[in-house]
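For reference, the structure discussed in these notes is given below.
The values are calculated or read from the model by the stated rules, or taken from the named source; none is laboratory data. Everything quoted here is computed from the prediction, not taken from an experiment. Please note: Cβ atoms are built from the backbone with ideal geometry, for glycine as well, and neighbour counts cover all protein chains shown.
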Amino acid sequence: MDKELGGLLGTRFNCECGRRHELPVREFVYEAGAIEALGPLIERCTGGVRRVAVVADTRTQAVCGAAVGDVLADAGYDVESILIADLHGKSPKCDDETFQTLRRAIGSRKPHLVVAVGSGVVNDLSKWVSFDLGLPYMVVATAASMNGYSAANVAPTVEGVKTLIEARPPLAVLARPTIIAAAPAQMTAAGFGDTIAKFFSRADWVTNTLLLDEYYCPFCACLIERFEHLFLTRPADIAEGKTEAIDGLFEALFWAGVAMTLVGTSAPASGGEHLLSHTLDMVADTRGWGHDLHGRQVGLGTLLAAALYDRLLAIESPTVAELPGGIDRSWWAGERIADAVAAQYQAKQPVYRLAAERIRDGRFWESLRQRIGPIVIAPGRVRQWLTDVGGAVRAADVGRTPDEFRQAILHAHEMRKRFSIIDFAWLIGILPGAVDEIVEQWFA
Ligand SMILES: [Zn+2]
Ligand SMILES: [Zn+2]
């Protein structure tokens, strides 16, 4: 683990951004003996906890859920093993129904601590239920698939609507490197997609400081840069299972989640590129579209953000376009979803007005280009990275036709009130006009 960053675990510190940040995650154990270290670690972090609920799904139970239970039982803990069941032969989802089922299962056992064993969905559900029941939780990670381990947020689907819930981060994140390396290759490639999103979430964040006076923390925005040389110079190393690259990716994912926890929003690791994934998720059920892994979809969203920034930076003097006053309700398939999306879009109208005002100021445009230019990555390079790592590179790779993908691109800006590159592209007239060319060039 990075020594300097490791010193921040479990502390509060004054930051160059002027704020005092707090990191409630106390321990990060990424080593061969991580699972065996769990007993003493629980003792250190909680002092006196006896009854522990170990939550897994059928896959992660087999990977190491059972081993975690055994280790804890041997260390003298009362272990309640809780399995999140598959639904119709498919792996569980992080939605309100599954949450209620898990809440009943954990609540009835009255544990003092929840230990999640898994990755995205198992971690998110355990975090959410623990927070709701007022219980501390820890996670034993099983894949380098996303950056949510150390984050406070949960992003579930509630009544069909993709929501963001502010919960609490875990007390500790543990993982055995050989387990992370042995996870399905698609999951590791997904984690890579979630990580390279950072270039564009940072560009969005900087844009928002210039356009909308949003708060910005340079330390949190750049927190994971120190790990990038381990996996970004040669993403194929990840696909080939090289230890150094996968370890570097896992550390980057952990600290990307920390950055979000420190700032208290998802701004350091999530911008317009994430909206494409959220949009695909949100209409997946109503349209009978399958879900793909978060990070695989985010990888494609990152390619979209790259293509949009590429066009934006080429503009010498922008003109502000007239935006539609409301959303396209029929596309969102379902009244409840359309209502939630419409409310977000409505809340964004004053933001659009302020942004438009700033864009019309010619002096502002040049400084924006100077700040953003060095941050973003060219779309061709992003595509090469995704290809090398074995991630999704075309719409078909996440099960969508080019036209379905085109539709998702054209509606992604409607669903969140925070300003992103997708809004920006609409505001200066890149979208909707360029969507066909972008889909044809990058996603068909
Ligand atoms: Zn800061
Ligand atoms: Zn993400």
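What the table shows:
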{"quantity": "Residue in the stretch 286-318 that is farthest from residue 375 (Cα to Cα), counting only those that are of a type in the set (Val, Ile, Thr) and either modelled with pLDDT under 95 or surrounded by 14 or more Cβ atoms within 10 Å (Cβ to Cβ) (or both)", "calculated": "286"}
{"quantity": "Residue within the stretch 252-265 that is within 14 Å of ligand 2 (Cβ to nearest atom), at pLDDT below 95, within 16 Å of the chain's Cα centre (by Cα) and more than 24 Å from residue 400 (Cβ to Cβ) present", "calculated": "yes"}
{"quantity": "Criterion violated by residue 347 - all others in (1) surrounded by fewer than 16 Cβ atoms within 10 Å (Cβ to Cβ); (2) of a type in the set (A, V, I, L, M); (3) under 22 Å from the mean Cα position of the chain (by Cα) satisfied", "calculated": "(3)"}
{"quantity": "Residue match in the stretch 173-180 (condition: within 26 Å of residue 41 (Cα to Cα), hydrophobic (A, V, I, L, M, F, W, C) and free of Cβ contacts under 8 Å to residues at least 60 places away in the same chain)", "calculated": "no"}
{"quantity": "Members of the stretch 103-128 found to be of a type in the set (A, V, I, L, M, F, W, C) and under 16 Å from the mean Cα position of the chain (by Cα), listed by number", "calculated": "121, 122, 125, 128"}
{"quantity": "In the stretch 144-178, the residues that are small (Gly, Ala, Ser), within 16 Å of ligand 2 (Cβ to nearest atom) and either farther than 13 Å from residue 30 by Cβ or surrounded by fewer than 19 Cβ atoms within 10 Å (Cβ to Cβ) (or both)", "calculated": "145, 148, 151, 152, 155, 167"}
{"quantity": "Residues satisfying the stated conditions in the stretch 395-414, i.e. over 14 Å from residue 435 (Cα atoms) and buried (at least 19 other Cβ atoms within 10 Å of the Cβ)", "calculated": "398, 400, 414"}
{"quantity": "Condition check for residue 35: within 15 Å of residue 140 (Cα to Cα) and in contact with a Cys (Cβ under 7 Å, 6 or more places away or on another chain)", "calculated": "yes"}
{"quantity": "Given (1) away from ligand 1 (no atom under 16 Å from the Cβ); (2) in contact (Cβ under 8 Å) with a residue 60 or more places away in the chain; (3) at positive phi, number of the condition residue 288 does not satisfy", "calculated": "(2)"}
{"quantity": "Boolean, residue 221 is within 16 Å of ligand 2 (Cβ to nearest atom) and crowded, with 24+ Cβ neighbours inside 10 Å", "calculated": "no"}
{"quantity": "Matching entry among 277, 330, 317 (being on the phi < 0 side of the Ramachandran plot and within 15 Å of ligand 2 (Cβ to nearest atom))", "calculated": "277"}
